[in-house]
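Report on the following structure.
The values are calculated or read from the model by the stated rules, or taken from the named source; none is laboratory data. Quantities reported herein were computed from a predicted structural model and do not represent experimental measurements. Ideal geometry is used to build each Cβ from the backbone, glycine not excepted, and the neighbour counts take in all protein chains shown. Note: accessible area is taken over every heavy atom of the protein model, side chains too, but ligands, DNA and RNA are not part of it. Shrake-Rupley method; radii C 1.70, N 1.55, O 1.52, S 1.80 Å.
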Amino acid sequence: MLRSLGQRSVIGSDEDPRVAGLRAAVSRLRRELAAHPAEFPDRGIAEEELAALAAMTTGGAPEIRRLRRSLLLIAGAIGSVSALARGLSDVRDAVDLFGDPPRD
């Protein structure tokens, strides 16, 4: 999966491995959420924010503040669904690789 921050995931590729890792984590969580049979009140919010995160991984380096906002909304929406905890943790770890947002 991810190597150290300075390495590329594919030889000859100039894609940031953090972006590739985030894309993979978001994709896994989206699949897990789609397969989860229970409905819960904020499921739509989680689906929308996961789609937004997926879109952010297609245009280069995503904005850190937006990543963190989406992560917060997703965590709030599905944080109590224990079956999705591992996938949520993977997305959080992938977002954390981008560091903290710049301070104003």
statement: Checked against the positive end of the charge dipole of the range 61-102 (+1 on Cβ of Lys and Arg, -1 on Cβ of Asp and Glu, about the Cα centre), the farthest of 74, 94, 84 is 74
field: Karplus-derived 3J(HN,Hα), 6.51/-1.76/1.60, for each residue of the range 14-29, Hz, glycine and proline x
entry: 9, 6, 5, x, 5, 5, 4, x, 5, 4, 5, 5, 5, 4, 4, 5
message: Counting only helical runs of four or more DSSP H residues, what would the 222 nm mean residue ellipticity of the chain come to if each run contributes -39,500 (n - 2.57) and the total is spread over all its residues?
response: -19000 deg cm²/dmol
- line: Out of 75, 34, 25, a Gaussian network model of the chain with alpha-carbon springs under 10 Å gives the largest mean-square fluctuation to 34
GNM top mover of 18, 69, 92 - the chain, alpha-carbon springs below 10 Å: 69
message: I need to check one value: relative contact order of the chain, counting alpha carbon pairs closer than 8 Å and at least 6 residues apart, in percent.
response: 31 percent
- line: Of the convex hull enclosing the alpha-carbon atoms of the range 39-104, the direction-averaged projected area in nm² is 4.8 nm²
field: For the range 26-104, size of Cβ-based charge dipole, Lys and Arg +1, Asp and Glu -1, in debye
entry: 100 debye
statement: Taking a crude spin-label model, label points 7 Å out from Cα along the C-beta direction, the residue 93 to residue 45 distance in nm is 2.6 nm
task: For residue 45, tell me the accessible area in Å² from a 1.4 Å probe, rounded to the nearest 10.
output: 70 Å²
80, 70, 27, reordered so the largest accessible area comes first (probe 1.4 Å): 80, 27, 70
